[in-house]
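Just so it is clear, none of the values below were taken in a lab; they were calculated from the coordinates. Bear in mind that the values here come from a model prediction, so they are computed numbers and not experimental data. Counting neighbours? That spans all protein chains shown, and the Cβs are built from the backbone with ideal geometry, glycine included.
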Amino acid sequence: MNKAQFIAYLAPQFGDSKKEAARAVDVVFDAIVRNISKGDDVMINDFGKFKKVDRPARKGRNPFTGETIQIKASKKVRFLPAKALKEIIAGARKLEAAPKPPVKVLPKVVAKPVVKKAPAKKAAPAKKAPVKKAPAKKAAPAKKAPAKKAPAKKAAPAKKAPAKKAVKR
């Protein structure tokens, strides 16, 4: 599981907001990194302990040449799993049910009372004088415009084969 998958897994716990889940993940990781860099241990119950470890300088061996080399001192992060995590991974202990996302409560929609209005009285339509229509004339058939021919495409000139150079013998 990578960070994006982790955020997608947590999003339902934050009301399906990936933005809020990402912020929560970033805050947790930031807190762990800042405390380890100061030299403090970060202990999360039933999960494990993150701690900063100083590794002293030592001698090592180059596997290809067999020559002895000096390895510099360094600082590393070590994770020590808690007993509960070890038991769950080994199968000696059952994993508890995952927390369920909070139930979304939708606001109740209250129907507004419908007020019936009396229909407005219609005014009597004004009488119009009858319009006389002129007799229809037969329309002449429309002439079709001659179809335009598309210009013929010119054939591309054939590529010439490069001339062979004469070889002197």
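Extension gain, residue 18-residue 1: 0.36 nm per intervening residue step, less the Cα-Cα distance, totals 4.5 nm. For the range 1-69, the pair-distance distribution built from all alpha carbon pairs, in bins 10 Å wide starting at 0, is 17, 27, 25, 17, 11, 4 percent.
Peptides 69-77, 82-90 ordered by packing proxy, namely the average of other Cβ atoms within 10 Å per residue, highest first: 82-90, 69-77. Taking a straight line from the alpha carbon of residue 76, these aspartates and glutamates sit under 18 Å away, with near neighbours fewer than eight places off in the same chain left out: 30, 40, 41, 54.
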